[in-house]
Structure formats: C-alpha cells, structure tokens
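A single structure is presented below for examination.
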There are 2 protein chains.
Amino acid sequence: MSGWLVIAGLGPGAEGMVTREVQAALRDATDVIGYAAYVARIPARDGLVLHGSDNRVELDRAALALRLAAEGRRVVVISSGDPGVFAMASAVFEAMEAGPAEWQALDMSVLPGITAMLAAAAAAGAPLGHDFCAINLSDNLKPFDLILHRVRLAVQGDFAMAFYNPRSNSRPHQFGQVLDLLRQSCGADRLITFARAVSTPEQQIRTVTLAEASPEMADMRTMVLVGSSLTRRIGRFVYTPRSA
Amino acid sequence: MSGWLVIAGLGPGAEGMVTREVQAALRDATDVIGYAAYVARIPARDGLVLHGSDNRVELDRAALALRLAAEGRRVVVISSGDPGVFAMASAVFEAMEAGPAEWQALDMSVLPGITAMLAAAAAAGAPLGHDFCAINLSDNLKPFDLILHRVRLAVQGDFAMAFYNPRSNSRPHQFGQVLDLLRQSCGADRLITFARAVSTPEQQIRTVTLAEASPEMADMRTMVLVGSSLTRRIGRFVYTPRSA
C-alpha cells in the first residue's frame, strides 16, 4: 500500500506547455481522474485506468481520487491550466476536509501548470505585466453582486484584470453587465483582450477597446483580459508597462 | 536573415517545471539573454552565446535582444517564472516602443512559464483557489502609497493576495507596514504563507497567522501569499474553498 495522489495542471491545451514533472507523474500513474474532455488528452496504456467524468461533479471526482489513493493506487487528478486557479485543487481539499481523517495523511502533492490567463497574456503580449486581479465571473459558487463588487474595486485600484469563465449558455447576460460597469468606470478607450482556445489550433486573440467590445466576443472557451489605464498597443501586441 | 526573438519563462527553479516549448526554443537559440543568475541555468554549447547581465538593467537587456534579432540572430530572453508577470516581457515591449519601427515587425513571441505565486500556492496547497490579486511590493517603479492603496482594496474585496518582491535590503521596513495594514484590516487570525526558494532544494514553506507573522520571515527569494477570510488549514495544507 504505497498509494499517492498528485493534482496536476495540463496547461491550456498545447502539449508543448505541459511541464516535465507533470508528464512524469502521468507516466507513473495507475489512475487518471478528471473532466472527460481533459482525460481525453491522456494516451491510453496498459495498467492505466482513465476515469473521465462530467463537468460540475468536482467533489465526487475528488472523493474518488482520495479513496483510490487510500487504497494504494497512484492517482493523478488532472485540471486544465493550473490546478490551483479555479480548478481541482481546492475541490480535493474540500473533499479531504469532509472525509475520513486518514485522507489527510496521504502522500499528496499539487503540481502547477500554465494557467489560461498567463497563456492568453503571452499570446497577446504582456497585458498582465503589472499588478493584476484574477476573477472568476461564474456565479455558480458565489453571488453575482460579489463579482461586481470585486470588479469595481479592481477598477478603483487600476489593476489589470483576468476574467475566467466570462460567459456560458446558462448565464448569457451577466458578462454584458460587467462590460457596462467597465465602460462606465474605465472609459471607452480601455483595452480588452478576448483570447479564445489559447494554445490550440483554434486560437483566436482579439484586442479591442471597451467601446468596441460586445458580450458575444466571449464564450466558454474564452479568457478575457482587461488592461489597466496604462495598458497600450505596440505593433500587433498589447502590454502593460512596469511603471505606474 | 531570419532572426527571431522569444521571451521565455523558466519557471521558479526546478528543471521539471520548464515546459517543452521553452526547452525547444532554448535548443534552437543562438543567443540567450537574461539576468546572470538565470542565464547560469542554461547549459553551454557550441554556437550558443550566453549574455548574462546585472539585475536592474532590464531595458538595456531588452534592447540588446531586439537588436540581435533584427540582425538575424535567434534570441531567447529568459525570465524566472513567467515572463509576463513582473518580468522581462513588458521590458521588451517598452524597449520596442522606444526603438526603431522595424523592431515591431520582428518574428517575436512570448512563451509562458510557471510563475512563482502558482508554484508557491501548489507547494502550500491551494491558497489562491478563489479570486485573487497579484501585487508587486517593490516601489522601484511605483509609489509605495499606490501599493498600500491596492492592498487596502484587495482586503475590501476579500481577495486572496500574492505578493512579489515583498522585501529587499534596500527596503527593509515597508513590508512591515503592509503586515500592519493587513493585521488591522483582516484580523489576527488570517493565514499568511511564506514560500522561500520554491521548487529548489532550499524550499521552505511556512504558514502562520498574521498575529505570528513578522517582516523577517520574508526575503528577496520569498513569495508571500495572504488568504481570504475563507482560507483555512486542512492537515499540512492551506486552501481557499471555491465558494464564497
């Protein structure tokens, strides 16, 4: 019985953005657990069980991982991007807290990955090159008023911003409210970048002003980056200078 | 003359945290440019010129990189962590803006890396598992009052926080002021993690309450992570739950 549990980030999509320590963990695993679309990225091999599951069952998935590791399996829970940024690491710790005390003694570690906002920023230039906030715009797990409150404070502090999960079919209108708030408080000329399917063959990077931005520019595969008052274009890139 | 310029992130220190696309760029380079301590991580080989330079000459370094690429060299500018987070990418765009227009037409890209705050968070558990801010505490390039203003707003929004460059020999007292502000506004029980030399053999991770925290717990190699009001311990880990 020498099971272990690794929570690993696969990066945003490109295999070239996976770290070597994550590749090594996947090579040694007996079980890989994650959202089915991410598990589909892992090649099948003898001795490896792939457990793909639906979206929105994060806690079930986390408990399965802990249970298998406690039974002596070598388990990798995978997230897209970085597991610690709006992804599986917190879900595993929540499940650990709710589970038997012995789960806390498991051999367990978190391996970081390239999170979507940093891959998106790199593809656009360096829009997060100065102080910034990362905000999840989904109200599945928090009230929408808190989201607006945080965006308002980020504007007051002249932070650049990265929005995860800006828009989904079940919440088509809220992102429009966020854009309205930004236009009122930052002005029409502030730059905003829509980065879709970053690092995949479908990648699309589009930087526009808030005046030109519309909610339809974002979907479930889009990261949204909002510049600070100093963010500007240079050639085909957008960047935030280091000084304020 | 088919030069190019890649701005690449080496991650926080461990070779296992370097991505494959960054390794590939380094393999194809004729010139590697960066702060001497980071250039020392690149193995010498025939046909590769290593340009190590002092800290605080970022713009000179950036201009050299652009000039060499314009001359047809294959240049990699390296940063520790991610080049887009308080690192070389913005410096290169600043130098591009100040330089000849032809530099804007160069074949150029930014390759993301594992930034220190995410490696530190992974080593500690998942303290950045919900909305968070990244703030550079160095006042080399901005007024210290702006730093305090941003920390205050981050507290108001109940963001988790990641502080880069919390303390140096030239600014020994300001981090103490930030800790005082946090204690006054977040209370004595708020968790704070000091992550030193993350992913290297000297790694030290220490989570304490604000009551227990002292400025001496941070130095130039330390990332500081401050929890939100919901951040808590589970076993030897610290994490922020996904719900607010």
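Taking the stated definitions as given, is B:A62 within 24 Å of B:L137 (Cα to Cα) and surrounded by 15 or more Cβ atoms within 10 Å (Cβ to Cβ)?
Considered against the rule, which asks whether it is within 24 Å of B:L137 (Cα to Cα) and surrounded by 15 or more Cβ atoms within 10 Å (Cβ to Cβ), B:A62 comes out as yes.
Restricting attention to segment A:1-32, and to residues there that are part of a helix (DSSP H, G or I) and among the small types (G, A, S), which single residue is nearest to A:A63 (Cα to Cα)?
A:A25
May I pose another question? Restricting attention to segment B:17-34, report how many residues are without any contact (Cβ under 8 Å) to a residue 40 or more places away in the chain and in contact with a helix residue (DSSP H, G or I) (Cβ under 8 Å, 6 or more places away or on another chain).
2
Name every residue in segment A:118-129 that is facing chain B (nearest Cβ under 7 Å) and not in a loop (DSSP other than H, G, I, E, B), in order of residue number.
A:L118, A:A119, A:A121, A:A122, A:G125, A:A126
If you don't mind, there's one more thing I want to ask. Here is a list: B:P83, B:P127. Which entry is crowded, with 24+ Cβ neighbours inside 10 Å and outside the structural domain of B:I33 (by TED's automatic domain parsing)?
Testing whether each residue is crowded, with 24+ Cβ neighbours inside 10 Å and outside the structural domain of B:I33 (by TED's automatic domain parsing) leaves just B:P127.
Pick from segment B:186-216 the residues that are assigned to a strand (DSSP E or B) and either in contact with a Lys or Arg (Cβ under 6 Å, 6 or more places away or on another chain) or among the hydroxyl-bearing types (S, T, Y) (or both): which of them is nearest to B:G227 (Cα to Cα)?
Checked segment B:186-216; the qualifying residue nearest to B:G227 (Cα to Cα) is B:T193.
Restricting the search to segment B:48-59, which residues are within 20 Å of B:D107 (Cα to Cα) and either of a type in the set (D, E, K, R) or touching a Ser or Thr at 6+ places or on another chain (Cβ under 7 Å) (or both)?
Result: B:L48, B:V49.
Filter segment A:130-148 down to the residues that are surrounded by 15 or more Cβ atoms within 10 Å (Cβ to Cβ), over 13 Å from the mean Cα position of the chain (by Cα), more than 8 Å from every other protein chain (Cβ to nearest Cβ) and of a type outside the set (A, V, I, L, M, F, W, C) and list them by number.
Across segment A:130-148, the qualifying residue is only A:D139.
Out of B:V178, B:V155, report the one residue that is touching a residue at least 40 places away in the same chain (Cβ under 8 Å), more than 9 Å from every other protein chain (Cβ to nearest Cβ) and either assigned to a helix (DSSP H, G or I) or among the aromatic types (F, W, Y) (or both).
The unique qualifying residue is B:V178.
Being assigned to a helix (DSSP H, G or I) and within 17 Å of the chain's Cα centre (by Cα) is the requirement here; does A:A89 meet it?
Here the answer is yes, as A:A89 does meet what is asked.
Could you please give the count of residues in segment B:167-179 that are buried (at least 16 other Cβ atoms within 10 Å of the Cβ) and at pLDDT 95 or above?
Qualifying residue count for the region: 3.
Determine whether segment B:41-56 contains at least one residue that is within 13 Å of another protein chain (Cβ to nearest Cβ), under 17 Å from the mean Cα position of the chain (by Cα) and in a loop (DSSP other than H, G, I, E, B).
yes
Which one of these does A:A134 not meet: (1) of a type outside the set (D, E); (2) within 18 Å of A:G9 (Cβ to Cβ); (3) assigned by TED's automatic domain parsing to the domain that holds A:A63?
It is condition (3) that A:A134 fails.
For segment B:226-238, give me the residue count where each residue is under 24 Å from A:A105 (Cβ atoms) and crowded, with 24+ Cβ neighbours inside 10 Å.
2
Continuing with the same structure: Provide a single number: the residues in segment B:90-111 that are touching a residue at least 40 places away in the same chain (Cβ under 8 Å), in contact with a Leu (Cβ under 9 Å, 6 or more places away or on another chain) and within 22 Å of A:H130 (Cα to Cα).
Final tally of qualifying residues: 3.
Sticking with this one: The conditions are (1) in contact (Cβ under 8 Å) with a residue 24 or more places away in the chain; (2) of a type outside the set (D, E, K, R); (3) touching a helix residue (DSSP H, G or I) at 6+ places or on another chain (Cβ under 7 Å); (4) under 20 Å from A:F93 (Cα atoms), and B:G235 fails exactly one of them. Which is it?
(1)
Tally time: how many residues in segment A:112-152 are in contact with a strand residue (DSSP E or B) (Cβ under 8 Å, 6 or more places away or on another chain), of a type outside the set (S, T, N, Q) and in contact (Cβ under 8 Å) with a residue 24 or more places away in the chain?
25
Scan segment A:217-237 residue by residue and report those that are under 19 Å from A:V151 (Cβ atoms) and outside any strand (DSSP E or B).
Within segment A:217-237, A:M217, A:A218, A:G227, A:S228, A:S229, A:L230, A:T231 meet the criteria.
Select, from A:A24, A:A36, the only residue that is surrounded by fewer than 17 Cβ atoms within 10 Å (Cβ to Cβ) and within 14 Å of chain B (Cβ to nearest Cβ).
A:A24
Now, a different point. Could you tell me which numbered condition B:Y35 fails, if it satisfies all but one of (1) touching a Ser or Thr at 6+ places or on another chain (Cβ under 8 Å); (2) hydroxyl-bearing (S, T, Y); (3) farther than 25 Å from B:A134 by Cβ?
(3)
Then there is this: Have a look at A:A122, A:A89 and point out the one that is in the same structural domain as A:A160 (by TED's automatic domain parsing) and touching a Pro at 6+ places or on another chain (Cβ under 7 Å).
That would be A:A122, the only listed residue that is in the same structural domain as A:A160 (by TED's automatic domain parsing) and touching a Pro at 6+ places or on another chain (Cβ under 7 Å).
Residues checked against (1) touching a Pro at 6+ places or on another chain (Cβ under 6 Å); (2) more than 7 Å from chain B (Cβ to nearest Cβ); (3) over 16 Å from B:T231 (Cβ atoms):
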{"site": "A:S80", "(1), (2), (3)": "no, yes, yes"}
{"site": "A:G84", "(1), (2), (3)": "no, no, no"}
{"site": "A:F93", "(1), (2), (3)": "no, no, no"}
{"site": "A:M96", "(1), (2), (3)": "no, no, no"}
{"site": "A:G99", "(1), (2), (3)": "no, yes, yes"}
{"site": "A:E102", "(1), (2), (3)": "no, yes, yes"}
{"site": "A:S109", "(1), (2), (3)": "no, yes, yes"}
{"site": "A:P112", "(1), (2), (3)": "no, no, yes"}
{"site": "A:A116", "(1), (2), (3)": "yes, yes, yes"}
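If you scan segment B:180-225, which residues turn out to be surrounded by fewer than 19 Cβ atoms within 10 Å (Cβ to Cβ), closer than 15 Å to B:V238 by Cα and polar (S, T, N, Q)?
Hits for segment B:180-225 are B:Q204, B:T209.
The values are calculated or read from the model by the stated rules, or taken from the named source; none is laboratory data. Small disclaimer: the values here were computed from a predicted structure and weren't measured. Note that we place each Cβ from the backbone using ideal geometry, even for glycine, and neighbour counts take in every protein chain shown.
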